[in-house]
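So the structure is just underneath, and the comments pick up after that.
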Amino acid sequence: MNRITTIIGAGAPLDFDYESVKIMRPSTYNITKEIINNYDLIDVENINKTKTSDLVKEIYDCLEKQYPVIENWKEEDDNKETIINFEMIFHVLESLYAYGSVWSKTCKNPSIYPIFAPFIKPSIIFDKNDIRQILDIFTIRIMDIINSYNKYFAKEKENKEKWYYKFFSRKKVIWDIFNLNYDTTIETCINNYKDGFERLDDENFMKFNPKILWDSETSTINHLHGCINYYFDSYKDINKDIFNSGFYDLYKYNSYDKVRGMILGRGRSYPSNQTGESYYPSPIITGLRKTDKVTNFPLGFYYGNLLKSIINNNVLVIIGYSFGDLYINSLLEKMNTLHGDSARIVIIDFWNKNKIKKQGLEHYFGYCLPNEELRFILKISNEKNASGLNKNLNCSSNKAYMMSNNNKLMLFINGFKKASKYANKIFDFMNS
């Protein structure tokens, strides 16, 4: 078995049995609705008082009214339509914070002076100090949701969610997992893996060592967008290792509870990107400035490991990924160039059954798929346009999966749980 490069997106854990244990299903819609609720903040003018902020809801409402939407691109999630999502809102909050000091004429530091700030004006009234608190709480709300299903899976991996566990714990498979989620469900499935972290004497966290990951002959797990168990250092001696580490490097802790407490109890200065826009430092990457945020250990190195895996491995599995990260897509598209006819790619996704039933798969390809996902499927199938995919893939909504004529693409559209029933066929295809 060759090494298998695997992208894990937000759709991968959506088939868990959330209703039976009454925990929130971590869909984009549900997370977005959770984070737009009001925020209880400390009044900086009187720290003994609290105040309530509806700034996030105000941003959401503004985007809903003005953001352009192509009707066929609307995604139905939990029988509701949603376009404005939590990552977009997070980006607005970061931008308001970055530009706020310029607009208030208090910014004297050129490294955090956004070059474009003098040319625009805010359309809403906000307190920059409130945004710092909101970003902390916003992040914790997301991480709490992830932690709830993470703990659930750890208990049910060999019972209710055995299908997921069985897929990743398969023997004699060497995975290179690139998890875009923030959970540790994959770690629970794979016994022998490296993530690059090593223990430190007399410290309650682990430090990243890239050599451990790069030279690994076993499976690797790479959290490209961070993890709920990551946070910044908490050395007992604050001057320890200051010459060997970056100020915003992330470390690995034993539990999310430890991390959660530190987020609420510690402040940290904000780094800025090349254009002078500051952004929120966090154990998880959300928002739309991902390429600015993957520059520190271990995230930047995980991205390098993805490039290495794409180059070295002809097999690629994509599970529940919406192709929303352009910097990742640019690497995935190189599979054709690097591996030609030997490329073997499995896409496991969940498409809107109602739209397929009403309009057909051919229409769905051309008008409902995200542009980046459609472009990838076209390239791998050696097809020029969406109208040709219906024949190329022998499309049928009744089939368990579709196969491209060039035998390079295996496509599942009914979710990960149903696809897992065909695990043997998937692994046979990858070895073909």
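By the scheme Lys and Arg +1, Asp and Glu -1, what is the net charge of all other residues having a beta-carbon under 11 Å from that of residue 97?
-2
Per the 1.4 Å probe, what fraction of the accessible area of the chain, in percent, lies on carbon and sulfur atoms?
Carbon-and-sulfur percentage of accessible area, whole number: 49.
In a GNM of the chain with a 10 Å cut-off on Cα contacts, which of 201, 15, 257 has the highest mean-square fluctuation?
201
Dividing the convex hull volume of the Cα atoms of the chain by its residue count, what figure in Å³ per residue is obtained?
Spelled out: Cα convex hull of the chain, divided by residues, is 167 Å³.
Trypsin sites (Lys or Arg not before Pro) within segment 321-392: which are DSSP loop residues with at most 11 other Cβ atoms inside 10 Å?
Taking segment 321-392 and a limit of 11 other Cβ atoms within 10 Å, the loop trypsin sites (Lys or Arg not before Pro) found are 384.
Which distance in nm do the two modelled labels at residue 109 and residue 65 give, with both placed 7 Å along the Cα-to-Cβ direction?
3.4 nm
Points 7 angstrom from Cα along the Cβ direction at residue 172 and residue 212: gap in nanometres?
Label-label distance for residue 172 and residue 212, simple model: 3.0 nm.
Checking the table 211/334; 22/57; 128/194; 171/418; 171/211 against a 32 Å threshold on Cα-Cα, which pairs fail?
In this structure, 128/194 lie more than 32 Å apart at Cα.
From the convex hull of the Cα coordinates of segment 115-181, what is the mean projected area in square nanometres?
If I average the Cα hull's projected area over directions, I get 8.6 nm².
Using alpha-carbon pairs under 8 Å, 6+ residues apart, how would you state the relative contact order of segment 275-432 in percent?
Relative contact order, segment 275-432: 22 percent.
Beyond 23 Å, what percent of the Cα pairs of segment 135-250 remain?
That fraction is 40 percent.
How large is the helix-only mean residue ellipticity at 222 nm for the chain, computed as the sum of -39500 (n - 2.57) over DSSP H runs with n ≥ 4, divided by its residue count, in deg cm²/dmol to the nearest 500?
After summing the helix terms and dividing by residue count, I get -11000 deg cm²/dmol.
Roughly how many Å² of residue 34 are accessible to a 1.4 Å probe, to the nearest 10?
60 Å²
Can you list the lysines whose alpha carbon is less than 19 Å from that of residue 240, not counting same-chain residues fewer than 8 positions off?
Candidates past the 8-residue exclusion: 207, 252.
Please work out how much length the chain gains when fully extended from residue 201 to residue 406, using 0.36 nm per residue of separation minus the C-alpha to C-alpha distance, in nm with one decimal.
68.5 nm
Whole angstrom only: what separates the Cα centroid of segment 1-65 from the Cα centroid of segment 125-198?
Their Cα centres are 15 Å away from one another.
At 7 Å along Cα-to-Cβ for each site, give me the label-to-label distance between residue 2 and residue 155 in nm.
Roughly 4.1 nm, to one decimal.
Applying 1/(1 + (r/R0)^6) with R0 = 35 Å to the Cβ-Cβ distance of residue 141 and residue 46, what FRET efficiency is obtained, to the nearest 0.05?
0.90
In whole Hz, with x marking every Gly and Pro, tabulate ³J(HN,Hα) for segment 163-172 from phi via Karplus 6.51 cos²θ - 1.76 cosθ + 1.60, θ = phi - 60°.
Per residue, the Karplus-derived 3J(HN,Hα) values read 4, 6, 4, 5, 5, 8, 8, 4, 6, 6 Hz.
Can you tell me the accessible area per residue over segment 134-210, all protein chains present, probe 1.4 angstrom, in square angstrom?
In whole numbers, segment 134-210 has 43 Å² accessible per residue.
Over what distance in Å are the Cα centres of segment 353-432 and segment 200-254 separated?
About 39 Å separates the Cα centre of segment 353-432 from the one of segment 200-254.
The values are calculated or read from the model by the stated rules, or taken from the named source; none is laboratory data. None of these values were measured; they are calculated from a predicted model. Cβ atoms come from the backbone with ideal geometry, glycine included; neighbour counts cover every protein chain shown. Note: areas computed on protein heavy atoms with side chains; ligands, DNA, RNA excluded. Shrake-Rupley method; radii C 1.70, N 1.55, O 1.52, S 1.80 Å.
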